[in-house]
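Asker: Dropping a structure here in structure tokens format, bear with me for questions.
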Amino acid sequence: MLYEQLTKLIKESGKSINQIERELGYPRNTLTTYKRSNPSTKRLNELAEYFNVTVDFLLGRDKEPKRKEDLTEEESELIGAFRMEREDMTPDEQVKFNEAVKDLMKYAKERLNDDSIWKK
């Protein structure tokens with residue numbers, strides 16, 4: 001699905017695959033490898049940023065190329081990682097995973113206030 005979405009976006013851009021790879025600083029034929037393998041979260045976010053679409057559109061979860069919201073790069077990377085980790089889960093596992101992530105975020109925020117953790 002990713003490769004199909006990329007080919008649509010490449011066609012819309014009026015550029016060649018090679019030109020886009022050069023602009024992104026990728027080795028030649030990088031994008032064509034996504035016919036049979038998935039990119040890293042970092043690369044997926046770079047592609048979404050380049051084409052100004054959401055990671056969900058690239059992965060085929062959204063049918064229309066919704067343009068990326070005003071998120072920071074870090075937020076986009078976290079969202080992309082979160083979605084990729086949930087991808088193969090059942091709906092019940094996704095609910096449990098969401099709750100675990102929320103608990104981890106609360107724990108991380110609590111740790112921010114504990115200066116003994118951050119002093120070396």
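Asker: Output the residue which, of all residues in the stretch 26-62 that are among the basic types (Lys, Arg) and in a loop (DSSP other than H, G, I, E, B), is surrounded by the most Cβ atoms within 10 Å (Cβ to Cβ).
Answerer: Within the stretch 26-62, the match that is surrounded by the most Cβ atoms within 10 Å (Cβ to Cβ) is 61.
Asker: Right, something else. Are there any pairs with C-beta distances below 6 angstrom linking a residue in the stretch 86-106 that is modelled with pLDDT under 90 and assigned to a helix (DSSP H, G or I) to a residue that is loosely packed, with under 10 Cβ neighbours inside 10 Å and of a type outside the set (S, T, N, Q), with the two at least 6 apart or on different chains, and if so which?
Answerer: From residues that are modelled with pLDDT under 90 and assigned to a helix (DSSP H, G or I), there are no pairs.
Asker: Same structure, new question: Given the condition part of a loop (DSSP other than H, G, I, E, B), on the phi < 0 side of the Ramachandran plot and not hydroxyl-bearing (Ser, Thr, Tyr), answer yes or no: does some residue in the stretch 6-13 qualify?
Answerer: No, there is no match, as no residue in the stretch 6-13 is part of a loop (DSSP other than H, G, I, E, B), on the phi < 0 side of the Ramachandran plot and not hydroxyl-bearing (Ser, Thr, Tyr).
Asker: Residue 55 - would you say it is of a type in the set (A, V, I, L, M) and free of Cβ contacts under 8 Å to residues at least 24 places away in the same chain?
Answerer: no
Asker: Output yes when any residue across the stretch 63-74 is of a type in the set (A, V, I, L, M, F, W, C) and either touching a Phe, Trp or Tyr at 6+ places or on another chain (Cβ under 7 Å) or part of a helix (DSSP H, G or I) (or both), and no when none is.
Answerer: For the stretch 63-74, residues of a type in the set (A, V, I, L, M, F, W, C) and either touching a Phe, Trp or Tyr at 6+ places or on another chain (Cβ under 7 Å) or part of a helix (DSSP H, G or I) (or both): absent.
Asker: Consider residue 6 carefully, then state whether it is modelled with pLDDT of 90 or more and under 19 Å from residue 77 (Cα atoms).
Answerer: yes
The values are calculated or read from the model by the stated rules, or taken from the named source; none is laboratory data. Keep in mind that what you see is a predicted model, and the values were worked out from it rather than measured. Neighbour counts run over all protein chains shown; Cβ positions are idealised from the backbone, glycine included.
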